[in-house]
Amino acid sequence: MRRGIVAFSALALVGAGLTACGRSPFEQREPWRTEAEEACLSRKLVQPSAYMSRSSAIDGPGACGISYPFKVSAFAGGEVALTSKVTLGCPVIPKIDAWLAEVVQPAASLYFGMPVSDIRAGSYSCRPRNNRRGAKLSEHSFGNALDVMSFKLASGREVTVLKGWRGASDEQEFLREVLVGACRHFNTVLGPGADMFHYDHFHLDLARHDPRGLRRVCKPILKFTPRINDVGQAIQSPRLPAPQPYEPDPIDVEEDADPFAVSAARPAGRTPPSNPYASRPAAPVYAAPASSLPAVPQRPPSTAAAITPAAPATAYRPGYNPMPPRSPGPASARGPSAPVVLQPQLWSEQEIY
């Protein structure tokens with residue numbers, strides 16, 4: 001009896017430990033994973049070479065493992081080296097090669113004028129997703145995913161996801177180009193902004209999010225127009241150029257509301273608008289001869305006018321307005337409004353992530 005209790009306790013402790021690490025002893029590896037590996041091998045999508053060699057099967061712990069693993073030291077026919085070897089299953093390797101050949105290298109040539117020579121990446125690791133206790137197993141647990149932390153150019157310049165995502169403009173454009181392009185090759189693509197766990201690397205995998213493996217997850221959703229097409233060729237970007245500060249033409253300002261205005265700011269060669277009334281003839285003035293006019297009798301001055309002195313004339317003072325102030329009234333009664341000068345409109349390009 002005591003032996004049974006001890007054995008059961010030991011198994012319970014082992015199970016609890018595995019569960020705490022996210023590895024349930026009862027979790028089984030999905031059959032489609034081995035089937036996909038065998039199909040990849042039968043189609044000879046991956047061939048052993050100096051930079052890619054077969055390794056012994058990895059079985060466990062738990063559901064972790066790779067039936068036919070490969071040790072990889074370089075991708076794309078040896079053109080893109082790895083800073084350290086990675087362990088991957090057969091299906092994901094040709095996807096990585098295609099992404100490097102059709103997206104990464106054309107983007108590097110477009111934005112930097114040179115190819116990528118190395119990448120820093122991570123691969124197989126038996127662990128839960130995002131290393132969170134109790135979460136489902138990560139695709140890294142099956143050699144079905146690759147994490148990319150940086151790209152090294154032929155000149156030796158290194159473009160890291162951590163610093164380049166918000167770094168120099170060419171690095172930002174390049175990293176967004178390769179991330180968006182990865183969504184055409186992988187079932188899951190995660191990068192900075194997808195969540196708190198992918199701020200410093202790109203996660204690429206071939207997980208099945210539905211029974212047929214047709215659904216894809218690509219995060220974050222970027223307002224970015226790629227410049228590399230589906231066959232790896234640079235295309236003319238449909239993006240508009242950055243807006244330039246608007247400077248109104250001097251002829252557009254309100255000074256020309258007066259057709260006779262003359263300004264030194266008027267560009268040479270511009271003539272003021274013609275006076276619409278200049279060619280109109282003056283109205284004739286008709287006057288009768290003085291001899292034909294009847295005589296008008298003169299009225300004698302009245303006594304009151306002779307006694308009452310005339311009111312003194314109001315002296316003119318600068319700024320004096322003898323007319324009483326008028327009420328504002330409607331706009332149509334107030335006459336033309338004060339001139340309005342157009343101010344330059346300054347534009348700023350919104351940062352697009």
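The values are calculated or read from the model by the stated rules, or taken from the named source; none is laboratory data. All figures in this text were calculated on a predicted structure; none of them were measured in a lab. Note: ideal-geometry Cβ built from the backbone for every residue, glycine included; neighbour counts use all protein chains shown. SASA here: full protein model, heavy atoms, side chains in, ligands and nucleic acids out. Shrake-Rupley method; radii C 1.70, N 1.55, O 1.52, S 1.80 Å.
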Counting just the Cα atoms, what span does region 117-186 cover along each of its three principal axes? Round to the nearest Å and put the largest first. 40, 23, 20
Beyond 27 Å between alpha-carbons counts as too far, so tell me which of Lys71/Lys219; Lys163/Lys219; Lys44/Lys136; Lys71/Lys163; Lys71/Lys136; Lys136/Lys219 fall in that bin. Lys71/Lys219; Lys44/Lys136; Lys71/Lys163
So, with a 1.4 angstrom probe, what is the percent of accessible area on region 74-191 that is carbon and sulfur? 46 percent
What ranking, highest mean first, results for peptides 83-92, 181-190 when packing means the other Cβ atoms within 10 Å averaged over each residue? 181-190, 83-92
Students often check this: by mean Cβ neighbours within 10 Å, which of 213-224, 159-170 ranks highest, and how do the rest follow? 159-170, 213-224
Stokes-Einstein D for region 77-202 at 20 °C, 1.002 mPa s, Kirkwood Rh over Cα pairs, in µm²/s? 144 µm²/s
